[in-house]
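Quick notes on the structure that follows.
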Amino acid sequence: MVIESAQAFTLTFPGPSAGALAFVRSPAWALSRVEFLRHLRADDSGVRGELLVQLPVLGQADLPFHSRVVPTADGAALEPQPLSGERAWVEVQGSARAEDTGSGQTALDFSFMFRAHLAVPDGGGWGGDAFSKMVQAAARRTLERVARELPAGIAAAMADAPAAR
């Protein structure tokens, strides 16, 4: 089962474009205050972590992800990387673009796509179908909530000094 949710938003970085570029190219800094992420790690291979989701009957699930950070001329992109040996995982794809507003601040345009891959046991019959639909609906609501909460977490991280990462 694959479930998707997307979010696009603009935030104002309180400083010049050089600082904004450093922010969007450093996922450890930019994502440090996003509360639904656990075990966030960033290194030369990209950014890894777990997205926390609540599933009916199954409880809380930690969906691992791995994305490569690719610097662009005006920001950065996140490219999902394959994960093997997982029954459930999430692809995190995104982009961030910095634009100098001329006022000493920088506009940051973000766009994210979350694509959750869930292996749901085949229960067979109407009971199994109902369970599958219930899990799908809950996962979709969770991904939508994640997408809605993302801007606040990233905005909170902007206030942190890079050394506080």
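We did not get these values from a lab; they are worked out from the coordinates using the rules stated. This is a predicted model, so every value here is computed, not measured. Using ideal geometry, Cβ is built from the backbone for each residue, glycine included, and neighbour counts are taken over all protein chains shown.
Pair-distance distribution of the chain: all C-alpha pairs, bin width 5 Å, starting at 0; shares per bin in whole percent are 2, 9, 17, 21, 18, 13, 8, 6, 4, 2, 1, 0, 0. Using Cα atoms only, what is the angle between the long axis of helix 125-158 and the major principal axis of the chain, expressed in degrees (0 to 90) to the nearest 10? Long axis of 125-158 versus the principal axis of the chain: about 10 degrees. Remark: spin-label model distance S45-A6 equals 3.0 nm, labels positioned 7 Å along the Cα→Cβ axis.
Applying 1/(1 + (r/R0)^6) with R0 = 35 Å to the Cβ-Cβ distance of R38 and A107 gives a FRET efficiency near 0.70. Under the combined filter of DSSP loop state and at most 14 neighbouring Cβ atoms within 10 Å, segment 14-115 retains these trypsin sites (Lys or Arg not before Pro): R87.
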